[in-house]
Amino acid sequence: ATELFLREEWNASIEAYSLIITLCTQTLSHNSHPTQNLRRSLCIALCNRAEAKSKLKNFHCALQDCDHALELDATHSKTLLCKGKILLCLNRYSSALECFRSAAIDGNAENASGYLERCKSLELLSKTGCLDLSDWVSNGFKGKVPELAEHIGAVEIRKSEISGRGLFATKNIDAGALILVTKAIAMERSIIMGGVQDLCEDAQLAMWKNFIDKVFEVVGKCYKTKGLITRLSCGENEDELEVLDVGLFRPESVEKDDGDAVVGVDMVKLVGILDVNSLTEDAVSANVLTRGNDCYGVGLWLLPSFVNHSCVPNARRLHVGDYLVVHASKDLKAGAEVSFAYLDPFCGLSKRNEMSLNWRIYCKCKRCRFKGGKCSPNRN
């Protein structure tokens, strides 16, 4: 099992550790006085299997293994470190920080110290939203993409007059202020040598299929993600959609397993949800990272899916790696709905009308009502 783990053959390693865990568990169940070595072997096997599962991004099952191992030995520093790294991948900074602190106390200070400092920094960013990309931008997007932390500002989900549900400010927000930072559930990118217009239909279909497969895989591994994605709009019965608590989208929130935790959703329903809620990536940084070639990407960001379209938007989005950063582009009063421009707002009405046909949604923004026409999509 260890050899397979070191060779990074994760699935084979998981199978081998699973056999060890089964044998150890069976022996423990028939032994009223198990040896300390047997318990230690089971603890190590659970920890290593958890790490292998985390490499495959099966974080839900990996956390279960960590918790099982810590039931055997609450001070097992390797397991505490492993669990902290998994929680960090899930952007659950406070919980990860507790694990790293415990690991440092219980004899793994050298390995935990780097994670401790990183986790403290990300937790501060998550709580305050003090995001500073100025150095990276001023250096022409050179070097590694800055590490971001998920942050949800003063917003809530409510019924929208535009369409279905929307994202609303809960207090006054100044122009330029950060509204939210969130990581994609999944992304698919393609480098285009010419331009987006040169992306042939077959290439677009291949990208779309790969993207759907990635989302479907994530849904099958995490019941929380599954629950949130299945509550997104699929474009039907908009007025009957449930108004969700924005707290559900915070990384630290944990939903209870409904007994069907790692079963995927119906593929037809998932495609409908992604068709309505996925966003294309439009990022200068993405093109820089691909050495000047145009980069076309598509992704799913959960909370931004509730932001409706307007031809006179009051917010803008910036893509940084797999993160989507939303800033207010105008002063927002408490109770105002946050809106994006899903089409180029500098296009004329006739062009927006033409593009709106692809989205099959009527735009009721002030600009379109004044012009007496229709345009572009709403998202909820």
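Please go through the residue pairs 57/226; 159/183; 269/351 and name each one whose alpha carbons sit more than 21 Å apart in this structure. Among 57/226; 159/183; 269/351, the Cα-Cα distance tops 21 Å for 159/183; 269/351. Expressed in nm to one decimal, what extension gain is obtained for the pair residue 351 and residue 23 from 0.36 nm per residue of sequence separation less their Cα-Cα distance? Going from the current span to full extension adds 111.4 nm.
Working out 0.36 nm times the residue gap between residue 71 and residue 250, then minus their Cα-Cα distance, what length gain in nm do you get to one decimal?
Details: separation 179, 0.36 × 179 = 64.44 nm, distance 2.69 nm.
61.7 nm is the gain from fully extending residue 71 to residue 250.
The residue 98 and residue 161 beta-carbon pair, evaluated with R₀ = 35 Å, returns a calculated FRET efficiency of approximately 0.20. Between residue 329 and residue 237, the FRET efficiency estimated from the beta carbon spacing at R0 = 30 angstrom works out to 0.45.
Which of the peptides 92-103, 138-149, 118-129 is most tightly packed, and how do the rest follow, judged by the mean count of other Cβ atoms within 10 Å per residue?
On the way: 92-103: 21.7, 138-149: 12.9, 118-129: 16.5.
Output ranking for 92-103, 138-149, 118-129: 92-103, 118-129, 138-149.
Which FRET efficiency, nearest 0.05, do residue 31 and residue 174 yield, Cβ-Cβ r, R0 41 Å? It would help to have the intermediate numbers written out before the result.
On the way: r = 65 Å, r/R0 = 1.60.
The pair residue 31/residue 174 has a calculated efficiency of 0.05.
Give a quick list of trypsin sites (Lys or Arg not before Pro) in the range 1-90 that DSSP marks as loop, anything other than H, G, I, E or B, with at most 11 other Cβ atoms within 10 Å.
On the way: sites: 7, 39, 40, 49, 53, 55, 57, 78, 83, 85; in loops: 7, 57.
Loop-located and lightly packed - 7.
Here, each number is a calculation from the coordinates, and none is a lab measurement. All of these numbers come straight from a predicted model, not from anything done at the bench. With ideal geometry, Cβ positions are generated from the backbone for all residues, glycine too; neighbour counts draw on all protein chains shown.
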